[in-house]
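The values are calculated or read from the model by the stated rules, or taken from the named source; none is laboratory data. What you see is a predicted model; the values in this text were computed from it and never measured. All Cβ positions, even for glycine, are placed from backbone atoms using ideal geometry, and neighbour counts span all protein chains on display.
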Amino acid sequence: MRKKVISSIFIFLLVLCSLHISSFAGVDQVKLFLSTDFTSTSFGSQATNYAADTFEKLGYDIQRPSIPLRYFVTNSKSVVMDYIRGTGDNYAFFVFAHGNAGRFTMNVNDINQYIFSDEITGAWHLVFINSCNSMANTSLAEAFRTVGYSNRASLGWFDIVTDGGSAEWWGYFKNYAGTMSLRDACLEAASHCQHSTPIRILGDTSWYGFAWD
């Protein structure tokens with residue numbers, strides 16, 4: 001009888017431990033996606049790897065497709081939607097894709113792969129839509145529910161940006177992120193760039209971007 005009680009307690013503790021671990025992993029998770037439209041040059045992968053560096057620096061747990069890859073390469077809307085169509089706190093998200101105000105796409109030549117702001121659910125913490133004009137208005141930031149809350153923010157471009165400009169900006173931003181507010185880090189990175197980098201942050205501009213405890 002005593003052995004059964006000890007075994008039951010041990011199993012209970014293991015379950016508690018596993019719940020704690022899985023909960024912790026969920027709290028700070030991030031997934032990064034690169035559209036296959038941007039795999040013909042190195043700029044897309046360079047910027048996305050810099051973004052991964054930044055999220056790791058800020059304490060986020062990258063959900064990998066496999067080791068050593070830190071981001072998903074896809075032309076499929078459904079692959080991205082499986083991650084961003086959630087409820088509750090969904091933490092962090094990055095995508096490098098074509099886009100415009102209120103939408104982005106994993107395949108610019110296929111309307112069925114477009115993701116619109118009204119399809120996004122959940123309450124996110126840190127989001128970066130690396131698409132032209134993604135922050136030209138507030139629709140995507142509002143869809144991710146980062147506007148009007150503390151310690152939440154969406155970042156992206158309010159105008160057209162080149163692939164090279166994006167990669168250049170990320171190369172600087174990853175160094176400043178976490179050392180000052182997100183807004184200041186964005187502007188500091190942009191001040192060093194030779195390319196046009198029309199960066200905008202919508203949400204808590206004073207937040208440093210660190211993963212929540």
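Do you know which of the residues in region 41-79 that are part of a helix (DSSP H, G or I) and of a type in the set (A, V, I, L, M, F, W, C) is farthest from residue 189 (Cα to Cα)? Filtering region 41-79 for residues that are part of a helix (DSSP H, G or I) and of a type in the set (A, V, I, L, M, F, W, C), the one farthest from residue 189 (Cα to Cα) comes out as 79.
Looking across region 174-205, the residues that are assigned to a helix (DSSP H, G or I) and either without any contact (Cβ under 8 Å) to a residue 24 or more places away in the chain or over 23 Å from residue 143 (Cβ atoms) (or both) come down to 174, 175, 176, 183, 184, 185, 187, 188, 189, 190, 191. Taken over region 174-213, the criterion of being closer than 24 Å to residue 103 by Cβ, crowded, with 16+ Cβ neighbours inside 10 Å and out of contact with any strand residue (DSSP E or B) (no Cβ under 7 Å at 6 or more places or on another chain) is satisfied by 197 alone.
Quick one: residue 100 ticks every box in (1) farther than 23 Å from residue 199 by Cα; (2) in contact (Cβ under 8 Å) with a residue 24 or more places away in the chain; (3) polar (S, T, N, Q) except a single one, so which number is it? Here residue 100 clears every test but (1). A search for C-beta distances below 8 Å between a residue of region 45-59 that is of a type in the set (Val, Ile, Thr) and any residue that is in a helix (DSSP H, G or I), counting only pairs 6+ apart in sequence or on different chains, returns 54/170; 54/173; 54/174. Residue 74 meets each of the listed conditions (1) over 27 Å from residue 178 (Cβ atoms); (2) touching a Leu at 6+ places or on another chain (Cβ under 7 Å) apart from (2).
Among residues of region 27-40 being part of a helix (DSSP H, G or I) and not polar (S, T, N, Q), the one that is surrounded by the most Cβ atoms within 10 Å (Cβ to Cβ) is 38.
Residues in region 103-157 that are modelled with pLDDT of 95 or more, within 18 Å of residue 83 (Cβ to Cβ) and among the small types (Gly, Ala, Ser) were compared, and the one that is surrounded by the most Cβ atoms within 10 Å (Cβ to Cβ) is 134.
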